[in-house]
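The values are calculated or read from the model by the stated rules, or taken from the named source; none is laboratory data. Remember, it's a predicted structure, so these values are computed and weren't measured experimentally. Every residue, glycine among them, receives a Cβ derived from its backbone with ideal geometry; neighbour counts consider all protein chains shown.
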Amino acid sequence: MPASPQKVALVTGAARGIGLATAKKFLAEGWRVALLDIEGELQARAAAALNDPDNTLAIACDVSDAAAVGAATAAVMNRFGRLDALVNNAGVAVFAPVLETSNADWNRIMAVNLSGPFLCTKAAVPLMRELGGGAIVNITSISAVRASTLRSAYGTSKAGLAHLTKQLAVELASLNIRVNAVAPGPIDTAMAKEVHTREIRADYHDAIPLNRYGLEEELAEAIYFLCSGSASYITGQILAVDGGFDAAGIGLPTLRGERRNG
Ligand SMILES: NC(=O)c1ccc[n+]([C@@H]2O[C@H](COP(=O)([O-])OP(=O)(O)OC[C@H]3O[C@@H](n4cnc5c(N)ncnc54)[C@H](O)[C@@H]3O)[C@@H](O)[C@H]2O)c1
C-alpha cells in the first residue's frame, strides 16, 4: 500500500506563543508546517530553531493584507503542494477603556483578528477543495464568550470570529471542510508573564476552577485535535480551553478556596 502523503498545516502568528507551540505539535505528529508571522525575522529565527528545514517553511506576512496572504498560500503550494489545515491564530490585543480606544486601534484589531481569518480562509479553501476537504481552526478568546472591562474592541473582534466560525462551518461542510474554534482562557505566554501583575494573576487564579493559567502546549493539543482525523465529525464548535473559567460563570472564589483548603 502506498504511504499516505504527509499532511500540511498553515499556522498564522507562529513566531511565538500559542502559534509556535501549535506548529511544534503538528511537526511532532508528522505534518509539514508553514509558519506565518508579521514579524518576519522573529519567525525565521523561530522556524530555524525547530531545526527541521525539510518540513518547515517560514513566511513573513500580514494576515490583514489580502495580496500578501495570496502570495503566502501560493508559497505553501509551491513548497509543499497541498494544504490540509489552517490555524488562524495571529491576533493583536489592545486593552483600553472604550473612550481611550482610538479609531485606528479599533480598525487594526478588526483588521487582524477578524478580517485576517476571513482573508486566510478565502485563500485556503480553494486549495483544500482540491484535496477533497480540510480543517480550519480559529483562535478566539474567552473574551468572545464573556464580557469584561477594557475589551470592547478585542472582545468584539473575537466574538465576530466566533460567529464567522459557525457561518463557515455551515457553508463549507459541503466541501468537507470542517471549521471550529478554540477559545483560550488566560495562557502563560511570554506576553502574559510581562503584562499580568501579581495581583492580576491572583485574581485569575481565584476565578478559574483549575486555579491556574493554561500552557501554550495545552492549547496546541486542542488545536491539533480539531484539525486531525480524530475530530472528523466535529464542525461549528467553539471549544473553551480555559480551566473552567467560562463554566464557572459568576463563580464563588471564596467557596472554591474553602473547598481547596478544606
Ligand atoms: N495568551 C493568552 O492568554 C490568550 C488568551 C485568549 C486568546 N488568545 C489569542 O491566541 C492567539 C495567540 O496569542 P499569543 O498569546 O500566543 O500571542 P502572541 O502575541 O505571543 O503571538 C501572536 C503572534 O501573532 C503575530 N501577529 C500579530 N499581528 C499579525 C498580523 N497582522 N499578521 C501576522 N501575524 C501577526 C505576532 O507577531 C505574534 O508572533 C491570539 O489570537 C490571541 O488573541 C491568547
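See the values below:
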read-out	value
Out of A34, A21, A14, sole residue that is under 23 Å from A192 (Cβ atoms), of a type in the set (G, A, S), at pLDDT 95 or above and not in a helix (DSSP H, G or I)	A14
One residue from L50, L42 being in contact with a strand residue (DSSP E or B) (Cβ under 6 Å, 6 or more places away or on another chain) and not aromatic (F, W, Y)	L50
Helices (runs of 4 or more DSSP H) fully within the stretch 148-208 counting 2 or more residues that are more than 14 Å from A135 (Cα to Cα) and touching a Leu at 6+ places or on another chain (Cβ under 9 Å)	152-172
Filter result for S157 (within 13 Å of the ligand (Cβ to nearest atom), among the hydroxyl-bearing types (S, T, Y), modelled with pLDDT of 95 or more and crowded, with 23+ Cβ neighbours inside 10 Å)	yes
Subset of the stretch 43-74 that is under 18 Å from I139 (Cβ atoms) and either in contact (Cβ under 8 Å) with a residue 40 or more places away in the chain or not aliphatic (A, V, I, L, M) (or both) - its residue that is surrounded by the fewest Cβ atoms within 10 Å (Cβ to Cβ)	D62
Residue list for the stretch 78-115, filter: over 20 Å from the mean Cα position of the chain (by Cα) and among the basic types (K, R)	R79, R82
All positions within the stretch 81-96 that are assigned to a loop (DSSP other than H, G, I, E, B) and small (G, A, S)	G81, A90, G91, A93, A96
Filter result (outside any loop (DSSP other than H, G, I, E, B) and either of a type in the set (S, T, N, Q) or within 20 Å of G132 (Cα to Cα) (or both)) within the stretch 43-78	Q43, T56, T73, A74, V76, M77, N78
Top-ranked residue of the stretch 1-42 - restricted to ones that are buried (at least 24 other Cβ atoms within 10 Å of the Cβ) and hydroxyl-bearing (S, T, Y), ranked as nearest to the ligand (Cβ to nearest atom)	T12
Criterion: at pLDDT below 85 and under 29 Å from L164 (Cα atoms) - qualifying residue of I238, I208, I250	I250
Number of the condition not met by A173 [criteria: (1) touching a strand residue (DSSP E or B) at 6+ places or on another chain (Cβ under 7 Å); (2) surrounded by fewer than 16 Cβ atoms within 10 Å (Cβ to Cβ); (3) of a type in the set (A, V, I, L, M, F, W, C)]	(1)
